[in-house]
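Here the structure is laid out as structure tokens; the discussion comes afterwards.
The values are calculated or read from the model by the stated rules, or taken from the named source; none is laboratory data. Since we're looking at a predicted model, the values are computed, not measured. Cβ: placed from backbone, ideal geometry, glycine included. Neighbour counts: every protein chain shown.
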Amino acid sequence: MAGQLRKVKNRIAATKKTAQITKAMNMVSASKLKSAENAIKVYRPFIAKTRDIIVHLSSNSDLTKHPLMEKRPIKNICYLLISSDRGLAGAFNSNVCKELTKNINQLDKEKGYFVLPIGFKAYVYAKKQKYPLLEDKIINVKDNIEFGEITGIIHIIIEKYLMGIIDEVVVIYNHHKNTLIQEIKTDVVLPVVDTNANDSLINYEFDGEVDEILNMALPIYIENIIYSYVLDSKASEHAARMNSMKSATDNATEVISNLELLYNRARQAAITLEITDIVGGASVVNNN
């Protein structure tokens, strides 16, 4: 009985320490989430306005269609998979990995594909599944990731697209809708489409040839929109980890409550047994 009580007591102590850790991680993620939300909130209007300018430029271009905006027969697709570097975020990483696998399984047999993972978890998954990688390198996604840290890989994407190695670029990521909801989104970034423009009431004046400006502006736009997806995914990661750690803390609290109830019952049983032994021993003495 004493050994059982000791085991239960040790489990209670260990679970309390776990609850303290998960609670601390929840608070850290909540703090990081605020800055991540501010980052993506500030970035979205910039992306929308840049897109309007690109559409306006393309509509006034003498070119029939810019190479980065021209749709062509799709032979090879590049899936840009954005994940986190660390786990303990619930289904955050597994959801995007499942979406990637679903998209690959739905491809026509005559179409090929490449995977470009951004984030350590995405890289590990792509290597485990033996998917062909556009670039076999780990691209980490730290909490304060800077724009310059991913421009190199984006230049490679644009270069391979212009060379005809890939014909479409699809981004799979977690979209941060709110603190409780993160949804999987699949967006096509190449070729750049000119639908849903908001520049109908705006007249832009450009200093220089429109085609030259478009040649410079399109790669910049692609770089920034992919960076916005990374920021969006980072906000989703912090929200998912915060919710996951809160659930873990609540579960640990419930386990502690159940273990304390079990411990008290076992302790009461041990005390009752001791009292029974004492009473039985006293009866034997009195009878003698």
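Among the residues of segment 122-137, those identified as surrounded by 12 or more Cβ atoms within 10 Å (Cβ to Cβ) and either assigned to a helix (DSSP H, G or I) or at positive phi (or both) are A122, Y123, V124, Y125, A126, K127. The residues of segment 74-117 that are without any contact (Cβ under 8 Å) to a residue 24 or more places away in the chain and polar (S, T, N, Q), listed by number, are S94, N105, Q106.
Filtered by the rule that a residue be among the hydrophobic types (A, V, I, L, M, F, W, C) and in contact with a Ser or Thr (Cβ under 9 Å, 6 or more places away or on another chain), segment 163-191 gives V170, V171, I172. Going by the structure shown, is I157 crowded, with 20+ Cβ neighbours inside 10 Å and in the same structural domain as V96 (by TED's automatic domain parsing)? Yes: the conditions hold for I157. Checked against the criterion of being buried (at least 19 other Cβ atoms within 10 Å of the Cβ), over 20 Å from the mean Cα position of the chain (by Cα) and either of a type outside the set (S, T, Y) or assigned to a helix (DSSP H, G or I) (or both), the candidates A252, A248 yield just one match: A252.
Taking the criterion of being of a type in the set (D, E) and touching a helix residue (DSSP H, G or I) at 6+ places or on another chain (Cβ under 9 Å), the only residue of segment 1-55 that qualifies is E37.
Counting only residues that are of a type in the set (G, A, S), farther than 16 Å from M242 by Cβ and in contact (Cβ under 8 Å) with a residue 12 or more places away in the chain, how many does segment 1-38 have? Give the derivation first.
Filtering segment 1-38 for residues of a type in the set (G, A, S) gives 2-3, 13-14, 19, 24, 29-31, 35-36.
Imposing the further condition that a residue be farther than 16 Å from M242 by Cβ reduces the set to 2-3, 13-14.
Remaining after also requiring in contact (Cβ under 8 Å) with a residue 12 or more places away in the chain: 2.
Residues flagged as of a type in the set (G, A, S), farther than 16 Å from M242 by Cβ and in contact (Cβ under 8 Å) with a residue 12 or more places away in the chain within segment 1-38 amount to 1.
Hey, can you tell me all the residues within segment 213-235 that are charged (D, E, K, R) and surrounded by fewer than 21 Cβ atoms within 10 Å (Cβ to Cβ)? Matches in segment 213-235: E223 only.
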